[in-house]
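A short worksheet on the structure shown next.
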Amino acid sequence: MKGIDSCVAEYEGNSIRIEIDYGRYSDRPTQRSDMENFTETPMMFGSVPGNLFTYRKAGSPPSSISNVYIETDEKSALGLTISTTDPSDDETVKRIYQSLRYIPAVRH
């Protein structure tokens, strides 16, 4: 995975995939026709507000997807997406999100 205008990274295990996108053009998720049960929930990450989006995608196998979106300043945003194909991963995903803390950089 290579970013053109941002910092991107990914991790993939047996049934879970984590993608990180930080930069100027990180997009806020919007509902599309291929998303089932789309929800948006405000959350705090440390002292920084953000949103948690969740939805299911049909396919083979179907996947459960969640995305955290944090506007870090007027020019940049952080997106963290976790996709799973095994419902038993739901608790792991929940613990990952509960452990997140966004600490803004101090600029001098």
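Scanning region 95-107 finds one or more residues that are modelled with pLDDT under 85 and closer than 14 Å to residue 16 by Cβ.
Scanning region 15-32 for residues that are assigned to a loop (DSSP other than H, G, I, E, B) and closer than 14 Å to residue 93 by Cβ returns a single hit, 15.
Within region 83-95, residues that are under 10 Å from residue 63 (Cβ atoms) reach partners that are in a helix (DSSP H, G or I) and not polar (S, T, N, Q) with beta carbons closer than 9 Å, at six or more positions or on different chains, in the pairs 84/90; 84/93. Looking at residue 91, is it surrounded by fewer than 10 Cβ atoms within 10 Å (Cβ to Cβ) and modelled with pLDDT of 80 or more? So residue 91 fits the description; yes.
Considering region 23-35, the residues that are surrounded by 11 or more Cβ atoms within 10 Å (Cβ to Cβ) and modelled with pLDDT of 85 or more include one that is nearest to residue 96 (Cα to Cα), namely 29.
Of the residues 72, 39, which single one is at pLDDT 90 or above and not acidic (Asp, Glu)?
39
Figure legend. Inter-residue proximity from region 25-36: first residues without any contact (Cβ under 8 Å) to a residue 24 or more places away in the chain and within 17 Å of residue 6 (Cα to Cα), second residues of a type in the set (A, V, I, L, M, F, W, C) and in a strand (DSSP E or B), beta-carbon distance below 9 Å, spacing 6+ or different chains. Indicated pairs: 25/77.
The values are calculated or read from the model by the stated rules, or taken from the named source; none is laboratory data. Keep in mind the model is a prediction, meaning the values are calculated, not measured. For neighbour counting, all protein chains shown are included, and Cβ atoms are generated from backbone atoms with ideal geometry for every residue, glycine included.
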